[in-house]
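First up is the structure itself, then whatever we jot down about it.
The values are calculated or read from the model by the stated rules, or taken from the named source; none is laboratory data. All of these numbers come straight from a predicted model, not from anything done at the bench. All Cβ positions, glycine included, derive from the backbone under ideal geometry; neighbour counts span all protein chains shown. Keep in mind that these areas ignore ligands, DNA and RNA; they rest on the heavy atoms of the full protein, side chains included. Shrake-Rupley method; radii C 1.70, N 1.55, O 1.52, S 1.80 Å.
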Amino acid sequence: MSTSWDLTRLFKSQEEFEKELAWVKDEAVPALEKYQGKLGTEEGLIGYLELNREIEKRGTLIAEYASLRSDLDKRNTKNAQDLARVHIVFNELGAKSSYADPEILALGKDYMDAFFAKHPEYKDFDFSFLKLFNQEKFVMSAEKELLLSNYSSLSRTGSNLYSALTVADAINKKITLSTGEEVEVTQANWTALVADAKCEEDRKAVFEALYSYYYERKNAYGQIYAAVLDAEKAEMKARGFNSILEEHLLRNNIPTSVFTTLIDVASSNTTALKKYYELKRKYLGLEKFRSYDRFIQLAKSEKKYTYEEAKETFLASLDKYYTEDYKAKAREVIAPGNVDVYPAPGKRSGAYSSGGGDVPPYILLNYNNELNDVFTLAHEAGHSVHTAYTIESQPILKQNYTIFVA
């Protein structure tokens, strides 16, 4: 049974991918330019919306395919090159359509409401325009929007450098445990190694083997973080937001207080957590409770869970409380080809569910046969079921739900 992604559901070959990428580059990008200055006419606005709907549908497939392939092996230079080419083309799309927001704002919200009333076939755009009008004071002139869009590729530099340093060029360390066993410590297995460690020295050795990689490159990581903040701050100041946080949240009409209240409440209510860790320290007979001691099991079990057992456990957990339709979707999202299960050299760490924009949901795992991996499968499958319902019930332009909704 396959435990890897089947990406042929997106493109059956490299040639198909190249053909669609060429369509965006050679047809969609030039076509966008033709509508500059014409959105004030009904014919021009309709043409622009039709083109954007097609770009959304075909462009999402291209971007998802390139991103997923890259995540499977960050060392693969061909996949990295394809992803970079997609980013370049999408930067061009952004630059060539930078006139659109100022022109639509100039039409006014009343005009657009009347347009959607007259042409309900384009109401799938109404929410994105609502968000645009909510941010009206932060949208600049067409000339300034074009200038800012030319710098958009630089805003990803920090993220790309982090991925290269942390995944593609990562060097895992090997250590010898007190039992004499030699193990390689990775992002995927370190918490399991800590949980199974026989003594404090082994837990410390595992922890330091993982995090010494970051410590030894602390200057590079510091510069990467600075690059991310500089890019964010530059756009924030250019558009006139009060903070980077405000810029990110206002796009979805979320007050900054939603975020800051979360931080305040979590920071002010740590007593129960501290009490739990102190009880755990005493129970385990530890002199000090280290960060990595969080993974020690109070009730020790040597049981490992195969991926097949994880799937069965997840599906069984749905029996009592979920509808047949939900259970059918849950079975589908973890079907062979939809989940890339096991760790591999160069594979992106962690786990996620990806999909939407008519792209079927894909789940990335780094499954290590631990109980926590069973929970991770259930967690990501829940996101994928959400995506499946979104694809089923929403037009493509309304399928990209925010992390707050997720």
What tally of residues in the range 75-112 results from selecting those that are under 24 Å from Lys137 (Cα atoms), among the hydrophobic types (A, V, I, L, M, F, W, C) and either in contact with a Lys or Arg (Cβ under 8 Å, 6 or more places away or on another chain) or not in a helix (DSSP H, G or I) (or both)? 0
Lone qualifier among Leu165, Leu177, Leu210, Leu161 - being open to solvent by 50 Å² or more (accessible area, probe 1.4 Å), of a type outside the set (Asp, Glu) and within 30 Å of Arg75 (Cα to Cα): Leu161
Quick check: anything in the range 229-252 open to solvent by 80 Å² or more (accessible area, probe 1.4 Å) and within 26 Å of Phe295 (Cβ to Cβ)? no
Out of the range 278-296, which residues are surrounded by 12 or more Cβ atoms within 10 Å (Cβ to Cβ), of a type outside the set (Val, Ile, Thr) and in a loop (DSSP other than H, G, I, E, B)? Leu286, Phe289, Arg290
Leu130 - would you say it is surrounded by fewer than 16 Cβ atoms within 10 Å (Cβ to Cβ) and over 17 Å from Ala66 (Cα atoms)? yes
In contact with a helix residue (DSSP H, G or I) (Cβ under 6 Å, 6 or more places away or on another chain), of a type in the set (A, V, I, L, M) and closer than 30 Å to Ser353 by Cα, is that true of Ala63? yes
Selected residue [in contact with a helix residue (DSSP H, G or I) (Cβ under 8 Å, 6 or more places away or on another chain), surrounded by fewer than 16 Cβ atoms within 10 Å (Cβ to Cβ) and within 30 Å of Asp169 (Cα to Cα)] from Arg69, Arg75: Arg75
Picking from Ala226, Ala170, Ala197, Ala231, the residue that is under 18 Å from Lys74 (Cβ atoms) and aliphatic (A, V, I, L, M) would be Ala170
Does Tyr321 satisfy the criteria of being open to solvent by 100 Å² or more (accessible area, probe 1.4 Å), closer than 19 Å to Phe375 by Cα and out of contact with any strand residue (DSSP E or B) (no Cβ under 6 Å at 6 or more places or on another chain)? yes
Tell me, which residue of the range 266-292 that is in contact (Cβ under 8 Å) with a residue 40 or more places away in the chain and under 29 Å from the mean Cα position of the chain (by Cα) is nearest to Tyr342 (Cα to Cα)? Tyr292
Subset of the range 324-346, residues crowded, with 19+ Cβ neighbours inside 10 Å and of a type outside the set (S, T, N, Q), comes to Lys329, Ala330, Val333, Ile334, Val339, Asp340, Val341
Would you pick out the residues in the range 139-155 that are surrounded by 16 or more Cβ atoms within 10 Å (Cβ to Cβ) and either touching a Gly at 6+ places or on another chain (Cβ under 8 Å) or charged (D, E, K, R) (or both)? Glu145, Ser149, Ser152
If the requirement is being free of Cβ contacts under 8 Å to residues at least 12 places away in the same chain, within 30 Å of Ala195 (Cβ to Cβ) and among the basic types (Lys, Arg), which of these qualifies: Lys237, Lys311, Lys300, Lys304? Lys300
Test for Leu147: is it on the phi < 0 side of the Ramachandran plot, part of a helix (DSSP H, G or I) and at pLDDT below 85: no
In this structure, is Leu51 of a type in the set (A, V, I, L, M), in a helix (DSSP H, G or I) and within 19 Å of the chain's Cα centre (by Cα)? no
